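The values are calculated or read from the model by the stated rules, or taken from the named source; none is laboratory data. These numbers were taken from a predicted model, which means no experiment stands behind them. Note that we place each Cβ from the backbone using ideal geometry, even for glycine, and neighbour counts take in every protein chain shown. Accessible surface is based on the protein model in full, side chains and every heavy atom, while ligands, DNA and RNA are left aside. Shrake-Rupley method; radii C 1.70, N 1.55, O 1.52, S 1.80 Å.
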Amino acid sequence: MTSFAIEVTPHARLTVDDMARLRALFDTEYLADFGAWDPDQPYGYAPHDVHITARRGDTIVGHVGWERRIIGVGADDVAVAGVGGVLISPHARGDRLGALLLARAAESMASAGDVRFGYLGCREEVVPFYEACGWRRITASERSIDRTGQPVTQPPGPPLLTLPLGPDPSPWPTGSINLRGRAW
């Protein structure tokens, strides 16, 4: 297994060099299909408060981002860490780096103190990866602002996953979900 330096950095503390290295990671994967990476609205999704990065030397080869937000679930308000920007460089795949980054992200979410769950949406083909990392699939309708800025409601079915946090994690509440903003 290759050695990586894993760092947790609040968005406001990213340096100009960090931003350039993150842009290089994301643009290598997504530039042709989605255009240049924008840290304030990555590909039309919500930005991140915290970035967990993996470096090999000076190169960022992996990333997980999360943003703290209060969302609506049924009649409840729930503090979540919305996770997005999970990406591993093609040159660093196969070393379990994704699982390491998600574990470090979970630690940082739990240490935030008032975040009850990690929350993410993903493609069906990557659900087994997240479940192997401890995430649990839920079924609910989800209301959000889409990548073009329009309100949208997704019926139950597409993958939504949660990660209970804290020493005494509670079960995910029942009901429809209102992200109260863009998805991650």
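Quick check: Cα centre of the stretch 67-88 to Cα centre of the stretch 11-52, how many Å?
19
What does DSSP give for the chain in terms of the percent of beta bridges that are antiparallel, rounded to the nearest 5?
Approximately 85 percent, going by the DSSP bridge assignments.
Given H placed 1.01 Å from N in the peptide plane, which residues other than close sequence neighbours of residue 45 have an amide H under 5 Å from its amide H?
none
If we sort 74-83, 149-158, 165-174 on the protection proxy, mean other Cβ atoms within 10 Å, highest first, what's the order?
Result, highest mean first: 74-83, 165-174, 149-158.
Taking the Cα centre of the chain as origin, work out the dipole magnitude from +1 charges on Lys and Arg Cβ and -1 charges on Asp and Glu Cβ, in debye rounded to 20.
Using Cβ point charges on Lys, Arg, Asp and Glu, the chain gives about 140 debye.
Please identify which residues in the stretch 13-50 have an amide N closer than 14 Å to a label point set 7 Å out from the Cα of residue 146, following the Cα→Cβ vector.
44-45
Compute the distance in nm between two label points, each set 7 Å from the Cα along the Cα-to-Cβ direction, one at residue 11 and one at residue 49.
1.0
Toward the positive end of the charge dipole of the stretch 1-77, about the Cα centre and with charges on Cβ (Lys, Arg +1; Asp, Glu -1), which of 50, 60, 4 goes farthest?
Going by the Cα projections, it comes out as 4.
With Cα extents along the principal axes in Å defined as stated, name the option among (i) 45, 38, 24; (ii) 47, 38, 32; (iii) 52, 38, 28 computed from the structure displayed.
(ii)
Karplus couplings for the stretch 41-58 from phi (6.51 cos²θ - 1.76 cosθ + 1.60, θ = phi - 60°), rounded to Hz, Gly and Pro as x?
7, x, 6, x, 8, 6, x, 10, 7, 9, 10, 9, 10, 10, 10, 10, x, 8
Of the listed peptides 12-20, 55-63, what is their order by residue-averaged count of other C-beta atoms within 10 Å, with the highest listed first?
Per-residue Cβ counts within 10 Å, averaged per peptide and sorted highest first, yield 55-63, 12-20.
Label points 7 Å out from Cα along the Cβ direction at residue 127 and residue 75: separation in nm?
Modelled inter-label distance: 3.0 nm.
Taking a probe of 1.4 Å, how large is the accessible area per residue of the stretch 64-140, in Å²?
44
Can you list residues whose amide H is under 5 Å from residue 140's amide H, if they're 5+ apart or on another chain and H is modeled 1.01 Å from N?
Here 157 satisfy the definition.
Under a 10 Å cutoff between Cα atoms, tell me which one of 93, 136, 147 has the largest fluctuation in the Gaussian network model of the chain.
93
Using only Cα positions of the stretch 1-60, each an equal point scatterer, no hydration layer, compute I(q)/I(0) via Debye at q = 0.25, 0.26, 0.29 Å⁻¹ and quote the log10 values to two decimals.
-1.14, -1.20, -1.32
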